[in-house]
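Working notes, structure below.
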Amino acid sequence: MMEAAVRRLIARFALRPETGQVFDFTQPVGEQALAPPDSVAWRVFKNPIALFVGGITAVLLELAEPRVRSGVWDHTSFRTDPLTRMERTGMAAMVTVYAARSVAERMIADVVRLHERVRGVTPAGVPYHANDPELLTWVQATASFGFLEAYCRFVRPLDARSRDRFYAEGREAAKLYGAIGAPTSVAELEALFAAMRPKLEGSPIVFEFLDILGRTPIFPRPLRGLQALLIRAAVETTPDWVREILGLDASYGLRAGEERRVAALGRLADRVILPSSPPAQACRRVGVSTRLLR
């Protein structure tokens with residue numbers, strides 16, 4: 001059952017192409033990605049449990065920032081078609097990390113052009129623009145934090161040097177997205193969190209988000225319990241001080257013994273590399289063994 005869930009997650013978020021776009025991670029042959037094959041990022045992003053859990057953690061952090069929250073809630077399809085939205089986000093992450101540099105650059109440029117039209121005003125009357133470097137920096141930082149923390153907590157712990165390296169590896173992609181202030185180390189991330197803390201706030205949208213996520217059939221019915229488990233793991237991965245701001249008490253997090261279950265699933269996922277998955281295709285493109293990802 002657990003391996004079936006892992007394969008389901010890989011197929012859902014790493015293999016299904018974004019609507020209207022199909023990415024071949026084996027082409028152009030020999031062309032490197034934005035991050036090298038021996039990077040920490042290539043190991044972290046291959047794990048679907050880390051991506052699923054970390055992605056939800058990242059969204060919770062994003063929704064705590066009122067301008068980002070309004071941009072996400074007012075200008076995306078998450079409320080009406082959350083599954084497609086999640087698939088697109090997952091594919092964008094795969095392309096950013098594993099696709100050939102030229103492919104990733106084109107996709108990111110398309111995202112930036114799309115974001116240029118995302119403008120509005122929060123309920124409190126504060127204007128926002130999706131291409132605002134401050135907001136892009138927050139989104140980039142929270143995504144990196146979510147994925148890395150989920151990997152370290154539920155797959156395998158990484159030492160301080162590897163954690164710093166992970167943030168540094170995202171520098172080039174962050175600049176392409178416009179997140180010019182994205183942290184390149186754990187210390188820089190902590191400084192950003194401290195600077196942003198006074199700007200964060202709770203919202204009923206956070207609970208609506210979790211409710212939608214719980215009701216969306218991401219896993220097949222027999223594995224729906226694992227879906228709920230991983231959502232609770234994402235809440236657990238969110239920093240305590242952010243959970244307090246959002247009003248997410250202990251009832252939203254993991255229950256006794258559940259952390260071991262998620263970790264077992266995460267470790268299993270680290271051993272499952274489907275030949276058709278973006279990480280495996282990328283390894284073939286640059287001529288390295290998938291053993292490099294372990």
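Of the residues making up the range 58-103, those that are buried (at least 21 other Cβ atoms within 10 Å of the Cβ), among the hydroxyl-bearing types (Ser, Thr, Tyr) and within 23 Å of residue 129 (Cα to Cα) number 2. Which condition number in (1) crowded, with 20+ Cβ neighbours inside 10 Å; (2) within 17 Å of the chain's Cα centre (by Cα); (3) under 19 Å from residue 259 (Cα atoms) is the one that residue 166 fails? In the conditions (1) crowded, with 20+ Cβ neighbours inside 10 Å; (2) within 17 Å of the chain's Cα centre (by Cα); (3) under 19 Å from residue 259 (Cα atoms), residue 166 misses (3) alone. Quick one: which residue in 59, 95 is touching a residue at least 60 places away in the same chain (Cβ under 8 Å), of a type in the set (Val, Ile, Thr) and in contact with a helix residue (DSSP H, G or I) (Cβ under 6 Å, 6 or more places away or on another chain)? Testing whether each residue is touching a residue at least 60 places away in the same chain (Cβ under 8 Å), of a type in the set (Val, Ile, Thr) and in contact with a helix residue (DSSP H, G or I) (Cβ under 6 Å, 6 or more places away or on another chain) leaves just 95.
With a cut-off of at least 1 residues that are modelled with pLDDT of 85 or more, of a type outside the set (Asp, Glu) and touching a strand residue (DSSP E or B) at 6+ places or on another chain (Cβ under 8 Å), name the helices (runs of 4 or more DSSP H) lying wholly within the range 1-89. Fully inside the range 1-89 and qualifying: 66-75. For the range 198-219, a residue qualifies if it is surrounded by 12 or more Cβ atoms within 10 Å (Cβ to Cβ) and at pLDDT below 90, and the qualifying residues are 218, 219.
Those residues that are among the aromatic types (Phe, Trp, Tyr) and either closer than 17 Å to residue 183 by Cα or in a helix (DSSP H, G or I) (or both), I need them from the range 104-162; list them, please. Once the filter is applied, which keeps residues that are among the aromatic types (Phe, Trp, Tyr) and either closer than 17 Å to residue 183 by Cα or in a helix (DSSP H, G or I) (or both), the range 104-162 yields 138, 145, 147, 151, 154. Here is the figure for the range 104-140: residues that are surrounded by 14 or more Cβ atoms within 10 Å (Cβ to Cβ), more than 22 Å from residue 61 (Cβ to Cβ) and of a type in the set (A, V, I, L, M, F, W, C) total 2.
The values are calculated or read from the model by the stated rules, or taken from the named source; none is laboratory data. Because the structure is predicted, anything quoted here is derived from the model rather than measured. Backbone-built Cβ (ideal geometry, glycine too); neighbour counts: all protein chains shown.
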